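Taking it in order: structure first as structure tokens, then the write-up.
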Amino acid sequence: MSNAITLHDFGVAYEKKTVLSGINAAIPAGKITAIIGPSGCGKSTLLKAINRMLELESDAEITGSIHINGKDTQAIPAEELRRKVGMVFQTPAPFPMSIYKNMVYAPQYYGVRGRQKLDTIVRENLEVTGLWEEVKDELNKSALKLSGGQQQRLCIARALTADPEILLLDEPCSALDVKSTQIIEGLLLKLKEQYTIVIVTHNLFQARRIADDCIFMLNGQLWEQNTTEELFNHPKKQETKDYLQGAYA
């Protein structure tokens, strides 16, 4: 199995305060990798670094490198990189426009023209996320009127319209109820057949349910990485074991 993402001595600091340091990791293609660890350990910062979103923060000092499919991300134009590497945030963030306009925003931006082509993209990606039957008669309805779970699935569907290779998700279920969480977890398990997925989660049960591999972070460092089964059942580091047993907030 090839690696979709590799990090080499990667670090991030803000005004000389280190947030991430010495991160070396290989994230396999075609799998779900969960990043776990206590609050403030740098999980979300690491996720945002993968598609160079940190560059939008003027005070971020970055060291080391990240490679996507063997190519240094700094050698890939940011716009192209963010098309290959989609991101979904913790709080559902549909654009304040119709469901249809949310779904065609990226394709139109990247040059797709023609109503029939756009309609096909909308339908196919809404079907993938299980939303089509729920909203097919309301595509002109404001996306902000959808339920929280529907909004998050819309955001995932919208990310897929850019035809990415990798999907990054930062706590995508933390604001959702149990039913919506189950739907999205099932969706992610289906999506890994086509995409490499990296998910930040505080929910250890969720990581155990859906992730093939896990990365445990602590104090801005990658403490341990292994298959989910091995990391949960046979952690190599005492700190990992302590975290899994609830020792950290």
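The values are calculated or read from the model by the stated rules, or taken from the named source; none is laboratory data. Because the structure is predicted, anything quoted here is derived from the model rather than measured. Virtual Cβ from ideal backbone geometry, glycine too; neighbours counted across all protein chains shown. With ligands, DNA and RNA removed, areas are computed over all heavy atoms of the protein, side chains included. Shrake-Rupley method; radii C 1.70, N 1.55, O 1.52, S 1.80 Å.
Please work out how much accessible surface Ser21 shows to a 1.4 Å probe, ignoring ligands, DNA and RNA, in Å² rounded to 10.
The value for Ser21 is about 40 Å².
May I ask you to rank Lys16, Lys190 by accessible area, largest first, using a 1.4 Å probe over the protein chains only?
Numbers: Lys16 165, Lys190 100 Å².
Reading off the accessible areas and sorting them downward yields Lys16, Lys190.
Where in the chain are the helices, taken as whole DSSP H runs, whose Cα atoms extend 27 angstrom or more along the long axis and whose Kyte-Doolittle mean reaches at least 0.5? Working shown, then result.
Details: long enough: none.
Taking the DSSP H segments of the chain (at least 27 Å long, mean hydropathy at least 0.5), we get none.
Among Leu46, Tyr14, Gly86, flag the residue with its Cα farthest along the positive direction of the charge dipole of the range 1-99, charges on Cβ as +1 for Lys/Arg and -1 for Asp/Glu.
Gly86
Just from its helices, what would the mean residue ellipticity at 222 nm be for the chain, if runs of 4 or more DSSP H residues each count -39500 (n - 2.57) and the sum is divided by every residue, rounded to the nearest 500 deg cm²/dmol?
Here the helix-only value at 222 nm equals -10500 deg cm²/dmol.
In the range 146-249, what % of DSSP beta bridges are antiparallel (nearest 5)? Please report the intermediate quantities before stating the final value.
Working: 6 of 11 bridges.
Once the DSSP bridges in the range 146-249 are tallied, antiparallel ones form about 55 percent.
Taking a quarter of the surface of the convex hull around the Cα atoms of the range 51-127, what do you get in nm²? Show your work: numbers first, answer last.
Working: hull surface 28.8 nm².
Over all viewing directions, the range 51-127 projects a mean Cα-hull area of 7.2 nm².
Two decimals, Cα atoms only, Kirkwood Rh: what is Rg/Rh over the range 165-229?
Working: Rg = 12.1 Å, Rh = 12.6 Å.
Checking Rg against Rh, the ratio lands at 0.96.
Magnitude of the Cβ-charge dipole of the chain, K/R +1 and D/E -1, about the Cα centre, nearest 20 debye?
460 debye
Leaving ligands, DNA and RNA out of it, rank Arg209, Arg82, Arg123, Arg115 by accessible area with a 1.4 Å probe, largest first. Let's see the in-between values first.
Values: Arg209 130, Arg82 75, Arg123 110, Arg115 155 Å².
Ranked list, largest accessible area first: Arg115, Arg209, Arg123, Arg82.
In the structure shown, do any of Lys16/Lys84; Lys16/Lys237; Lys48/Lys84; Lys101/Lys136 have a Cα-Cα gap over 21 Å, and if so which?
Details: Lys16/Lys84 31 Å; Lys16/Lys237 28 Å; Lys48/Lys84 14 Å; Lys101/Lys136 13 Å.
Over 21 Å Cα-Cα: Lys16/Lys84; Lys16/Lys237.
Which distance in Å, rounded to a whole number, links the C-alpha centroids of the range 142-203 and the range 1-68?
20 Å
In what sequence, largest accessible area first, do His67, His8, His234 appear using a 1.4 Å probe?
Greatest to least solvent exposure: His234, His8, His67.
Counting other C-beta atoms within 10 Å, and keeping those with at most 14, which DSSP coil chymotrypsin sites (Phe, Trp or Tyr not before Pro) do you find in the range 57-162? Before the final figure, lay out the partial values.
On the way: sites: Phe89, Tyr100, Tyr105, Tyr109, Tyr110, Trp132; in loops: Phe89, Tyr110.
Taking the range 57-162 and a limit of 14 other Cβ atoms within 10 Å, the loop chymotrypsin sites (Phe, Trp or Tyr not before Pro) found are Tyr110.
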